[in-house]
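> Before I ask anything, let me first share the structure, which is written out below as structure tokens.
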Amino acid sequence: QVQLVESGGGLVQPGGSLRLSCAASGSIFSINAMGWYRQAPGKQRELVTIITSSGTINYADSVKGRFTISRDNAENTVRLQMNSLKPEDTAVYYCHAVIKLLSGYRTGNYWGQGTQVTVSS
């Protein structure tokens, strides 16, 4: 009923930039929070950043000042601009959204398929 489709991952050198995008589609009534998580090999998935429908934003300390999240409510999209990338940013990045469905107005957590970000020289 709902899909989150990510794009924009890849390989970049340390200090470089990447921009991730995530588009939500399907039987959507409304979207509350949208955000990005990441999971590095051998580590647990961790929150990178989140933005609510009203625009409140939180960042993990490790990315503050380097990453910027933005959201287009009209297009149900969320983007992550990543600057000054470091090797420790290497991970699979997952889009996440809390979505209320048109059918029965049920609310659930939805995830994208993940996109690989590799920071290496």
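The values are calculated or read from the model by the stated rules, or taken from the named source; none is laboratory data. Predicted, not measured: the structure shown is a model, and the values here were computed from it. No Cβ is skipped: glycine too gets one built from the backbone with ideal geometry, and neighbour counts run over all protein chains shown. Accessible surface is based on the protein model in full, side chains and every heavy atom, while ligands, DNA and RNA are left aside. Shrake-Rupley method; radii C 1.70, N 1.55, O 1.52, S 1.80 Å.
> Condition check: touching a residue at least 24 places away in the same chain (Cβ under 8 Å) and farther than 18 Å from Gln116 by Cα. Does Ser21 satisfy that?
When the stated conditions are applied, Ser21 does not pass them.
> Select from the stretch 20-56 the residues that are among the aliphatic types (A, V, I, L, M) and either more than 30 Å from Ser103 (Cβ to Cβ) or touching a Phe, Trp or Tyr at 6+ places or on another chain (Cβ under 7 Å) (or both) and list them in ascending order.
Answer for the stretch 20-56, where residues must be among the aliphatic types (A, V, I, L, M) and either more than 30 Å from Ser103 (Cβ to Cβ) or touching a Phe, Trp or Tyr at 6+ places or on another chain (Cβ under 7 Å) (or both): Leu20, Ala40, Leu47, Val48.
> Given the condition surrounded by fewer than 20 Cβ atoms within 10 Å (Cβ to Cβ) and of a type in the set (Val, Ile, Thr), answer yes or no: does some residue in the stretch 67-78 qualify?
yes
> Could you please give the count of residues in the stretch 97-119 that are out of contact with any helix residue (DSSP H, G or I) (no Cβ under 6 Å at 6 or more places or on another chain) and either open to solvent by less than 50 Å² (accessible area, probe 1.4 Å) or among the hydroxyl-bearing types (Ser, Thr, Tyr) (or both)? Before you say what the answer is, go through the steps one by one.
Restricting attention to the stretch 97-119, the residues satisfying the condition of being out of contact with any helix residue (DSSP H, G or I) (no Cβ under 6 Å at 6 or more places or on another chain) are 97-118.
Right, trim to either open to solvent by less than 50 Å² (accessible area, probe 1.4 Å) or among the hydroxyl-bearing types (Ser, Thr, Tyr) (or both) and you get 97-99, 101, 103, 105, 107-108, 110, 112, 114-115, 117-118.
Qualifying residue count for the region: 14.
> If Ser21 satisfies every condition in (1) in contact with a Ser or Thr (Cβ under 7 Å, 6 or more places away or on another chain); (2) over 20 Å from Met82 (Cα atoms); (3) modelled with pLDDT of 95 or more but one, which is the exception?
It is condition (2) that Ser21 fails.
> If you check Val5 against the conditions, is it of a type in the set (Val, Ile, Thr), open to solvent by less than 70 Å² (accessible area, probe 1.4 Å) and assigned to a strand (DSSP E or B)?
The answer is no for Val5.
> Name every residue in the stretch 20-53 that is more than 20 Å from Leu4 (Cα to Cα) and either open to solvent by 60 Å² or more (accessible area, probe 1.4 Å) or within 14 Å of the chain's Cα centre (by Cα) (or both), in order of residue number.
Within the stretch 20-53, Pro41, Gly42, Lys43, Gln44 qualify.
> Out of everything in the stretch 8-19 that is open to solvent by less than 40 Å² (accessible area, probe 1.4 Å) and of a type outside the set (A, V, I, L, M), what residue ends up being nearest to Leu102 (Cα to Cα)?
Across the stretch 8-19, the extreme among qualifying residues is Gly8.
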